[in-house]
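This report concerns only the one structure given below.
The values are calculated or read from the model by the stated rules, or taken from the named source; none is laboratory data. Everything numeric in this text was worked out from a predicted model, so none of it was measured. Positions of Cβ are generated from backbone atoms using ideal geometry, with glycine treated the same way; all protein chains shown enter the neighbour counts.
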Amino acid sequence: MRTLAAISLSFAAAVFAAVLLPWSGWTWWAAIVCGAMGLAAVLLRRRLPDKLRLRAAVILFSLCGGLLYFGGYQALVQQPVLERCGREAEFSAVAADFGQLTEQGGRVTVYPEGLRGVKAVCYGGQELSRLEPGQRITGYARWQDAGRIHENDVTTFTSRGVFALLYVQGDVTEETGSAGSLRWLPQRTARALREKIAAIWDDETTAAFVTAELTGDRGGLSVADETAMSQAGLSHLFAVSGLHCAFLVSLLGLLLGSRRRG
């Protein structure tokens, strides 16, 4: 248990330091230093006690892993997106969820092709609101960095894995793609659940709370309600949805048995 705690805390400390410290380019050098020191701790068998040597090696290698993870994620995931932001260019993407209507038209969360592990929110005409998960779209759009809007750093999108906002210029071409495949079954199930909740509860506020609790989707909550839940310290109920909690409780019940539950 102490070893696991040392690994997790050291890894987290490395990631936090990489995010919070203002310098750039230091993570690779720090990872090399931590890795070299960890290797030295492993090799110094005669000069250090075994317990101290192994603990130091675990901490140093965990720090190295956290720094490598952060640097690799930036280089392989974030940087390719940032290179496209700030200009207009052609794009092709696969819808990651069902489209939604907006005041100006429609929007849909997509996986841009050619970018590994990245999601983007695509804004355009009402045709985007009719898209289903798996459909492929191509077009011309203005790329916007989702982490910096109007000269302000925001985490509203990046916390959900969305690193770019695409503002469509003109029409988009739609293709069937992989729509209807089993890969998108969770999205279809979540939508069916949201529709069922809306049919049962007429009150929009109640339906929004039930939807957020069961699916983790807080899109229907008002800003005031979401702020109140956050200030009361109850927003974690939506981070881990009630559906997940019900599954975990049922699983624990099956594993523990009736005697140990009592």
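Taken together, 217, 225, 202 contain a single residue that is surrounded by fewer than 17 Cβ atoms within 10 Å (Cβ to Cβ), in a loop (DSSP other than H, G, I, E, B) and out of contact with any strand residue (DSSP E or B) (no Cβ under 8 Å at 6 or more places or on another chain), which is 202.
The residue of the stretch 168-191 that is surrounded by the most Cβ atoms within 10 Å (Cβ to Cβ), among those that are polar (S, T, N, Q) and farther than 14 Å from residue 99 by Cα, is 178. For the stretch 74-96, the condition of being modelled with pLDDT of 85 or more, out of contact with any strand residue (DSSP E or B) (no Cβ under 6 Å at 6 or more places or on another chain) and of a type in the set (Phe, Trp, Tyr) holds for none of the residues. With the condition kept exactly as written, say whether any residue in the stretch 63-85 is under 30 Å from residue 112 (Cα atoms), surrounded by fewer than 12 Cβ atoms within 10 Å (Cβ to Cβ) and of a type in the set (Asp, Glu). Looking for residues that are under 30 Å from residue 112 (Cα atoms), surrounded by fewer than 12 Cβ atoms within 10 Å (Cβ to Cβ) and of a type in the set (Asp, Glu), one finds at least one in the stretch 63-85, hence yes. For residue 13, state whether it is within 25 Å of residue 159 (Cα to Cα), aliphatic (A, V, I, L, M), surrounded by 11 or more Cβ atoms within 10 Å (Cβ to Cβ) and free of Cβ contacts under 8 Å to residues at least 60 places away in the same chain. So residue 13 fits the description; yes. Of all residues in the stretch 86-103, those satisfying the criterion of being surrounded by fewer than 17 Cβ atoms within 10 Å (Cβ to Cβ) and touching a Phe, Trp or Tyr at 6+ places or on another chain (Cβ under 8 Å) are 86, 87, 88, 89, 90, 102.
Conditions tested, residue by residue: (1) modelled with pLDDT of 90 or more; (2) aromatic (Phe, Trp, Tyr).
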site	(1), (2)
70	yes, yes
102	no, no
121	yes, no
136	yes, no
139	yes, no
147	no, no
150	no, no
180	no, no
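Being at pLDDT 80 or above, on the phi < 0 side of the Ramachandran plot and polar (S, T, N, Q) is a condition met by at least one residue of the stretch 184-194. I'm trying to understand the selection: among the residues of the stretch 21-43, which are over 17 Å from residue 75 (Cα atoms) and in contact with a helix residue (DSSP H, G or I) (Cβ under 6 Å, 6 or more places away or on another chain)? Listed by number, the residues that qualify are 34, 35, 37, 38, 41, 42. In summary, residue 57 fulfils each of the numbered conditions (1) small (Gly, Ala, Ser); (2) within 18 Å of residue 5 (Cα to Cα); (3) touching a residue at least 40 places away in the same chain (Cβ under 8 Å) with the single exception of condition (3).
Consider the stretch 148-179 and keep the residues that are within 16 Å of residue 82 (Cα to Cα) and in contact (Cβ under 8 Å) with a residue 24 or more places away in the chain. The one that is farthest from the chain's Cα centre (by Cα) is 167.
Taking the listed residues 142, 194, the one that is assigned to a helix (DSSP H, G or I) and surrounded by 13 or more Cβ atoms within 10 Å (Cβ to Cβ) is 194, with no other qualifying.
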